[in-house]
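Data block below; observations after.
The values are calculated or read from the model by the stated rules, or taken from the named source; none is laboratory data. Being a predicted model, the structure only gives us computed values, none of them experimental. Here the Cβ is made from the backbone with ideal geometry for all residues, glycine too, and neighbour counts use every protein chain on show.
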Amino acid sequence: METKVPTTVLIKGGTIVTATDKYEADIFVSGETIQTIGLNLEVTADKVIDAKGKYIFPGGIDPHTHMELPFMGTHSSDDFETGTRAGLYGGTTTIIDFAIQNQGNTLNAIIEEYHRKASKAVGDYAFHLGVTDFNSGTKEEIKDIILKKGISSFKVFMAYKGALMVDDRQIMELMTETGRYGGMVIAHCENGDIIDGLVKEHLAAGKIEPKYHGICHPELAEAEASGRFIDLAHHTKSPCYIVHMTCEGALNKVKDATKRNQKVNVETCIQYLVLNDELYERPGFEASKWIFSPPLRKPKDQEALWASIRQGIVHTVGTDHCPFCMDQKRMGEKDFSKIPNGAPMIENRMEVLFSEGVVKGRISLNKFVEISSTNAAKIFGMFPKKGAIAIGSDADLVIFDPNEKHTISAETHHMRCDYNGFEGMEVTGKTKTVLLRGTVAIENGKALVGSGFGKFVHRAAHNVELRRENERRASDD
């Protein structure tokens with residue numbers, strides 16, 4: 001699909017909402033960036049958009065996606081083209097995807113592979129680098145990856161024993177090395193040994209149904225690993241970020257860390273805020289739709305997550321978007337441990353978060369912007385290019401009707417998956433028009449940009465000051 005070179009756009013009469021402000025103003029966009037913000041702007045533009053009665057948010061940033069991920073003998077069903085396009089429909093203009101190292105291969109090899117995969121992206125993208133084999137060779141790659149290749153976050157898995165899991169020594173060494181150049185280690189926190197033992201125990205007893213996935217990934221495993229990861233970061237005086245936190249026990253480990261003045265960046269995902277483990281009691285194989293790791297938790301954990309968002313303990317809401325169609329899920333029909341982990345989430349994140357968060361009074365409008373866009377931009381070195389509505393920022397803008405009600409369904413979503421984890425949910429609030437770097441990308445329910453329009457976002461190695469702050473505080477202990 002051909003796209004016109006971005007020219008000028010004037011958005012009139014909308015209510016601008018950022019992480020700190022809410023006010024009525026016009027926005028004038030020229031090329032890829034915001035040029036002017038003001039009341040009743042008298043400027044000539046190639047396109048004028050009437051945003052009266054609507055909110056204007058910074059483009060959403062999903063800090064956790066898996067497009068075309070090789071996993072458990074198959075691939076996630078969305079690639080960078082279909083996945084980022086679906087994200088745009090829901091108001092997400094930028095994703096941070098995980099380029100995960102194959103054991104025995106170099107980090108640079110997986111970066112090259114993922115740049116090839118992402119060349120067809122419709123929305124903007126950046127990478128986290130998953131490290132599964134930290135050795136002397138990969139250690140030598142770190143400096144240039146952070147300082148020259150624009151990737152400053154490195155993921156470790158404390159679960160998936162025998163596949164992706166690394167040990168504590170590797171985590172500490174990776175923290176030390178990335179910290180030298182302003183990088184940050186992020187982690188999937190579950191105790192792989194506990195999970196592995198429980199899976200073997202349940203399968204040996206003939207317990208093969210999907211519901212046993214959740215039972216074999218208990219809160220204990222997540223809380224223990226979260227606390228251990230936080231302690232390793234404190235010991236190495238390193239910044240850290242925990243992905244997809246789900247439970248009260250893990251949140252308590254973060255709260256404990258604040259008592260020693262340690263900052264822990266925390267992400268949860270939209271599914272953990274609004275869905276719970278009752279879904280694992282669905283009959284037959286239907287529960288497999290919600291098999292991902294960590295699993296859905298209990299209502300008390302949802303309450304703890306919402307409270308922690310309000311308290312500033314949870315900083316971002318992502319998706320862990322990793323969809324598999326039902327024929328792929330059926331690989332585990334006779335063994336729950338073989339069900340590919342993941343679900344389609346990217347398109348619905350912002351609308352569900354607005355409806356369940358803002359409309360129901362759980363969070364403010366400003367907090368909504370903070371956790372859906374701005375905090376991710378700040379934590380991962382994209383702010384104020386992304387995550388802001390300011391002069392000079394990329395014109396990534398979401399024009400949002402706060403009153404329109406609609407029902408989520410696989411029949412109408414744009415993700416390449418034959419089910420939707422929020423099927424039948426009525427939400428209030430809908431993304432109407434989306435600009436990506438000044439070009440109207442979504443309008444009137446249609447995508448106006450196509451394969452290859454998305455750009456790689458080179459992220460700053462900005463965590464050096466945070467590391468210095470942690471070192472200073474640790475010296476005072």
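Overview of values
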| item | result |
| --- | --- |
| Residue tally, condition without any contact (Cβ under 8 Å) to a residue 40 or more places away in the chain and in a loop (DSSP other than H, G, I, E, B), over segment 24-66 | 8 |
| Failed item, numbered, when S76 is tested on (1) free of Cβ contacts under 8 Å to residues at least 40 places away in the same chain; (2) crowded, with 23+ Cβ neighbours inside 10 Å; (3) among the polar types (S, T, N, Q) | (1) |
| Residue within segment 164-186 that is modelled with pLDDT under 95, more than 25 Å from the chain's Cα centre (by Cα) and of a type in the set (G, A, S) present | no |
| Filter pass, K385 being within 15 Å of I61 (Cα to Cα), in a helix (DSSP H, G or I) and of a type in the set (D, E, K, R) | no |
| Condition check for T412: surrounded by fewer than 20 Cβ atoms within 10 Å (Cβ to Cβ), more than 17 Å from the chain's Cα centre (by Cα) and either farther than 27 Å from P239 by Cβ or at pLDDT 95 or above (or both) | yes |
| Any chance L10 is among the hydrophobic types (A, V, I, L, M, F, W, C) and either touching a Phe, Trp or Tyr at 6+ places or on another chain (Cβ under 8 Å) or farther than 29 Å from P344 by Cβ (or both) | yes |
| Complete set of residues in segment 156-214 that are of a type in the set (V, I, T) and either crowded, with 17+ Cβ neighbours inside 10 Å or at positive phi (or both) | V156, V166, I171, T178, V185, I186, I194, I195, V199 |
| Sole residue being crowded, with 24+ Cβ neighbours inside 10 Å, of a type outside the set (S, T, Y) and in contact (Cβ under 8 Å) with a residue 24 or more places away in the chain, chosen from N366, N420, N403, N375 | N375 |
| Filtered residue count, segment 237-261, keeping only those that are buried (at least 21 other Cβ atoms within 10 Å of the Cβ), of a type in the set (S, T, N, Q) and over 21 Å from the mean Cα position of the chain (by Cα) | 1 |
| Among the residues listed as V457, V440, the single one being closer than 14 Å to F380 by Cα and at pLDDT 95 or above | V457 |
| Selected residue (criterion: surrounded by the fewest Cβ atoms within 10 Å (Cβ to Cβ)) from residues of segment 297-323 that are of a type in the set (S, T, N, Q) and in a helix (DSSP H, G or I) | Q311 |
